1. Looking at region A:105-125, which of its residues are more than 15 Å from the chain's Cα centre (by Cα) and either buried (at least 16 other Cβ atoms within 10 Å of the Cβ) or not in a loop (DSSP other than H, G, I, E, B) (or both)?
2. Take residue A:74 and decide whether it is modelled with pLDDT of 95 or more, more than 14 Å from chain B (Cβ to nearest Cβ), closer than 22 Å to residue B:11 by Cβ and buried (at least 22 other Cβ atoms within 10 Å of the Cβ).
3. Take the residues of region B:126-143 that are assigned to a loop (DSSP other than H, G, I, E, B) and in contact (Cβ under 8 Å) with a residue 24 or more places away in the chain: which is farthest from residue B:160 (Cα to Cα)?
4. Assess whether residue B:14 counts as being at pLDDT 85 or above, facing another protein chain (nearest Cβ under 7 Å), exposed (fewer than 14 other Cβ atoms within 10 Å of the Cβ) and in contact with a helix residue (DSSP H, G or I) (Cβ under 9 Å, 6 or more places away or on another chain).
5. Can you work out which of the residues in region A:130-148 that are closer than 22 Å to residue A:49 by Cβ and more than 11 Å from the chain's Cα centre (by Cα) is modelled with the lowest pLDDT?
């Protein structure tokens, strides 16, 4: 290597943050680990998913946890033709806003429909959890949503 | 769908791991690459400014005072002077050296810029400004273009340097 040539090296910088999730999101994540989906009752009566500690409209404390899903409706979506390493799926998928049955808000997650032609706004999708032994209490416990009754 | 088999033993989820990771390709540039290649050969390479004559190690490739490229390569001595130091007594995440240990600024003979080094083979209560030290290198077959090639500095037994000789480098 000529002396004038600059060196280079690959570097990895990682901050191993661990967040305290609090009682409400903690209950939601515990639900995911158990293979269940939970929302929370807002002060105005609506069901917020994922649950928050405060009603985003009124700022008041939210109420009891309510099980929702496991299926819902795609409200909006965007196709990811070339997934990145950190994406939830390594095959083409859709990011979608999904309003789960019993919920009044939509939640962002991946839809594994097989292709963009097999997905439309208004479609019904259902959750596909990871196997129980792999679930840790995180959004990734949901592998993806899939078309309800579909083959994907 | 749901099974409650293993969930109860683990208790409710209270924390979430959210690591942030950056992967990047780092280049130190031409000037620092010379310094690093020098380390691979077991020597300290610096560069001299053609205007003020100061020798920088490691060199950034230009003189911060005169704003001109530093083009003259200078090989520096293996010995130097501790200008200032810190005894580390506090444990922290990722610590690789057993505490207490000494971290010092070392001004190599012939250089006009000190750099940080680990000091060993001296009790922490005997470290002092002006102490003369020498670099201890890894075995020749383990030299790499990295400061890891310098295991540490240790006292070389010379009398302390006079404060006047390094007071500009604190």
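The values are calculated or read from the model by the stated rules, or taken from the named source; none is laboratory data. The model shown is predicted, which means the values in this text are computed figures rather than measured ones. Here the Cβ positions follow ideal geometry from the backbone for every residue, glycine too, while neighbour counts run over all protein chains shown.
1. Those that are more than 15 Å from the chain's Cα centre (by Cα) and either buried (at least 16 other Cβ atoms within 10 Å of the Cβ) or not in a loop (DSSP other than H, G, I, E, B) (or both): A:113, A:114, A:116, A:117, A:118, A:119, A:123, A:124.
2. Here the answer is no, as residue A:74 does not meet what is asked.
3. Per the stated criteria, the residue is B:143.
4. For residue B:14, the condition - at pLDDT 85 or above, facing another protein chain (nearest Cβ under 7 Å), exposed (fewer than 14 other Cβ atoms within 10 Å of the Cβ) and in contact with a helix residue (DSSP H, G or I) (Cβ under 9 Å, 6 or more places away or on another chain) - is not met.
5. In this case the residue turns out to be A:148.
This table checks each residue for (1) out of contact with any helix residue (DSSP H, G or I) (no Cβ under 8 Å at 6 or more places or on another chain); (2) over 18 Å from residue A:98 (Cα atoms); (3) part of a loop (DSSP other than H, G, I, E, B).
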residue	(1), (2), (3)
A:13	yes, yes, no
A:19	yes, yes, no
A:24	yes, yes, no
A:28	yes, no, no
A:31	yes, no, no
A:45	yes, yes, yes
A:73	yes, no, no
A:76	yes, no, no
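Listed here are the residues, each with its yes/no results for (1) more than 30 Å from residue A:148 (Cα to Cα); (2) within 14 Å of the chain's Cα centre (by Cα); (3) surrounded by 11 or more Cβ atoms within 10 Å (Cβ to Cβ).
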{"residue": "A:21", "(1), (2), (3)": "yes, no, yes"}
{"residue": "A:24", "(1), (2), (3)": "no, no, yes"}
{"residue": "A:37", "(1), (2), (3)": "no, yes, yes"}
{"residue": "A:43", "(1), (2), (3)": "yes, no, yes"}
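A quick yes/no check of all residues on (1) over 28 Å from residue B:135 (Cα atoms); (2) within 21 Å of the chain's Cα centre (by Cα); (3) part of a loop (DSSP other than H, G, I, E, B):
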position: B:22; (1), (2), (3): yes, no, no
position: B:26; (1), (2), (3): no, yes, no
position: B:38; (1), (2), (3): no, yes, no
position: B:59; (1), (2), (3): no, yes, yes
position: B:73; (1), (2), (3): no, yes, no
